[in-house]
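Notes follow once the structure below has been shown.
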Amino acid sequence: MAIVNKRIKLETKGDTDIIDITERVAAHLKGSALTNGTVTVFVPGSTAGITTVEYEPGVIKDLQRAFEEIASKDREYAHNKKWGDMNGYSHVRASLLGPSISVPFINGELQLGRWQQIILIDFDNRSRSREIILQIMGE
């Protein structure tokens, strides 16, 4: 068993910005020389999350709308009252989504469905520099 740690750095627009990171994860996996195992994709911070989705414009808009319906920017948030940064909704959205996923790989290939991509969603109310941590474990 070996463990390889990698990082992906990217710039986001914030405001439920959805970025496909599948190819970057796959490239790091290929560079690890591991063939079978699991890669964990994790974003530090409390205003972004990681998941999978069919990355196409209709689903992206549907997902953005769903998050707005679940945790609207226009609601009153105790976080905003305490800190004044007006991103209470982004913390709620990120908490609902979660900061990480694990994806198995076999023969050096991520075991994603045909229409499934790994995405980062940045919910914050401003652009951000994000760093995603990959932990690749396997043989």
Checklist entry - Pairing the Cα long axis of helix 57-70 with the longest principal axis of the chain, what angle in degrees results, from 0 to 90 and rounded to the nearest 10? => result 50 degrees
Item to check | Cut-off under 5 Å, modelled amide H: who pairs with A48 long-range | outcome: F123
Checklist outcome for this item: Under the Karplus relation with 6.51, -1.76 and 1.60 and θ = phi - 60°, whole-Hz ³J(HN,Hα) for the range 121-127, x at Gly and Pro, equal 10, 9, 8, 4, 8, 8, 5
Checklist outcome for this item: Under the 7 Å Cα-to-Cβ spin-label approximation, T38 and I106 lie apart by a distance in nanometres of 1.6 nm
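Determine the equivalent ellipsoid of the chain by diagonalising the alpha-carbon gyration tensor, then write out the semi-axes as square roots of 5 times the eigenvalues, largest first, rounded to whole Å. Walk me through the numbers on the way to the answer.
Numbers: eigenvalues 181, 50, 25 Å².
Semi-axes from the Cα gyration tensor: 30, 16, 11 Å.
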Item to check | Principal axis dimensions, largest first and in whole angstrom, of the range 59-139 by Cα | outcome: 50, 25, 20
Checklist entry - With a sphere of radius 15 Å drawn around the Cβ of I133, what net charge do the other residues whose Cβ falls strictly inside it have (Lys, Arg +1; Asp, Glu -1)? => result +4
Checklist entry - Which residues does a label at W83 reach in the range 8-22, if reach means a backbone N under 16 Å from a point 7 Å past the Cα toward the Cβ? => result 14-16
Checklist entry - What size of dipole, in debye to the nearest 20, comes out for the range 73-139 about its Cα centre when the only charges are +1 on Lys and Arg C-beta atoms and -1 on Asp and Glu C-beta atoms? => result 340 debye
Item to check | Cα-based radius of gyration of the range 26-93 once divided by 2.2 N^0.38 Å, which approximates compact folds | outcome: 1.54
Next on the checklist: To make sure I understand the rule: partners must be lysines, Cα under 20 Å from the Cα of K30, and not fewer than 8 residues away in the same chain. Which ones qualify?
Outcome noted: K6, K9
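Restricting attention to the range 86-139, which chymotrypsin sites (Phe, Trp or Tyr not before Pro) occupy a DSSP loop and are surrounded by at most 16 other Cβ atoms within 10 Å? Numbers along the way, then the final one.
On the way: sites: Y89, F105, W115, F123; in loops: W115, F123.
Here the sparse-neighbourhood loop sites are W115.
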Checklist entry - If r is the Cβ-Cβ distance from S72 to S129 and R0 is 25 Å, what FRET efficiency results, to the nearest 0.05? => result 0.40
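Values quoted throughout were computed directly from the atomic coordinates according to the rules given, and no laboratory measurement underlies them. It should be emphasised that the depicted structure is a prediction, and the values quoted were computed from it without experimental measurement. Cβ atoms come from the backbone with ideal geometry, glycine included; neighbour counts cover every protein chain shown.
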